[in-house]
1. Here are some conditions: (1) surrounded by 16 or more Cβ atoms within 10 Å (Cβ to Cβ); (2) modelled with pLDDT of 90 or more; (3) under 24 Å from GLU159 (Cα atoms). ALA18 meets all but one. Which one does it not meet?
2. Tell me which residues, restricted to the range 145-162, are out of contact with any Lys or Arg (no Cβ under 7 Å at 6 or more places or on another chain), crowded, with 23+ Cβ neighbours inside 10 Å and either of a type in the set (S, T, N, Q) or assigned to a helix (DSSP H, G or I) (or both).
3. Using the structure shown, decide if GLU61 is outside any loop (DSSP other than H, G, I, E, B), surrounded by 11 or more Cβ atoms within 10 Å (Cβ to Cβ) and modelled with pLDDT of 90 or more.
4. Got a sec? Which strands (runs of 3 or more DSSP E) wholly within the range 68-144 have at least 1 residues that are hydrophobic (A, V, I, L, M, F, W, C) and on the phi < 0 side of the Ramachandran plot?
5. I need the full set of residues from the range 72-84 which are of a type in the set (Asp, Glu), more than 19 Å from SER153 (Cβ to Cβ) and either surrounded by fewer than 16 Cβ atoms within 10 Å (Cβ to Cβ) or at pLDDT below 95 (or both), in order please.
6. From ALA100, ALA109, ALA87, ALA95, grab the single residue that is among the hydrophobic types (A, V, I, L, M, F, W, C), surrounded by fewer than 16 Cβ atoms within 10 Å (Cβ to Cβ), under 19 Å from VAL138 (Cα atoms) and modelled with pLDDT of 70 or more.
7. Considering only residues that are within 16 Å of the chain's Cα centre (by Cα), among the aromatic types (Phe, Trp, Tyr) and over 15 Å from ALA106 (Cβ atoms), which ones fall in the range 117-166?
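The values are calculated or read from the model by the stated rules, or taken from the named source; none is laboratory data. Everything numeric here is computed off the predicted structure, so don't read it as measured data. Cβ coordinates were reconstructed from backbone atoms using ideal geometry, including for glycine residues, and neighbour counts include every protein chain displayed.
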Amino acid sequence: MRKDNDVSGLRMLFPVLALIGTCSLAGCSTSGLAAEDEPYLFDTSDPSFHLATPCEDITEERLEELGLTHLDEGGEIYRKQGLESCAFWTEDGAAIVVNAAAYKLARVAESRVPLPYEPSSEKQPALAFSPEGNEACVIGAETQRGTVEVNYSSSNSYEVEPVDECPQAEKYFDLLIGEKLSEYRSH
């Protein structure tokens, strides 16, 4: 089990940096879309748009079953217009960040580093990518309620290639979001 003193300050910053990167992609402070943004972002000012809520949908019982603990003591969900995010530790010290964001995969494909890993067909349209400067893999799937993602970084992520983290990222995507994906897609 991870002990607080086993994690360097840099490892503690990983989930925070993941949130900042996600927020910059999502345009968290926007209201209404410029025409050039329509292929890339969901319009959060549209009353019919409701961002997916994967963090709300993950129960404490599910976290316990999976051996996950909240990154912060309060288990709070980070919310900003166009973004919902939460983070967890695995029993072996890996960091997992779950996001729902009001951007489309086209935005991710242009601004992040795509990885040579193909998420399963049930998730399509989906993409595996690495945030710039992070030793992590993110599996993201587009829905009518935004893009839902799981960002996975093992405790030894500095020793492995981001693509090698993708099977674990997809595993946790399936465990934490999988059952709700079709609901998010049906609007």
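1. Result: ALA18 passes all but (2).
2. Start the filter on the range 145-162 by keeping residues that are out of contact with any Lys or Arg (no Cβ under 7 Å at 6 or more places or on another chain), which leaves 145-146, 148-162.
Next cut, crowded, with 23+ Cβ neighbours inside 10 Å only: 146, 148-153.
Of everything in the range 145-162, those that are out of contact with any Lys or Arg (no Cβ under 7 Å at 6 or more places or on another chain), crowded, with 23+ Cβ neighbours inside 10 Å and either of a type in the set (S, T, N, Q) or assigned to a helix (DSSP H, G or I) (or both) turn out to be ASN151, SER153.
3. No, not satisfied.
4. 83-89, 95-101, 126-130, 137-143
5. GLU73, GLU76
6. Among ALA100, ALA109, ALA87, ALA95, only ALA109 is among the hydrophobic types (A, V, I, L, M, F, W, C), surrounded by fewer than 16 Cβ atoms within 10 Å (Cβ to Cβ), under 19 Å from VAL138 (Cα atoms) and modelled with pLDDT of 70 or more.
7. Scanning the range 117-166 gives a single hit, TYR152.
Let's see how each residue does on (1) crowded, with 24+ Cβ neighbours inside 10 Å; (2) over 22 Å from GLY82 (Cβ atoms):
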site	(1), (2)
PRO119	no, yes
SER130	no, no
GLU142	no, no
GLU165	yes, yes
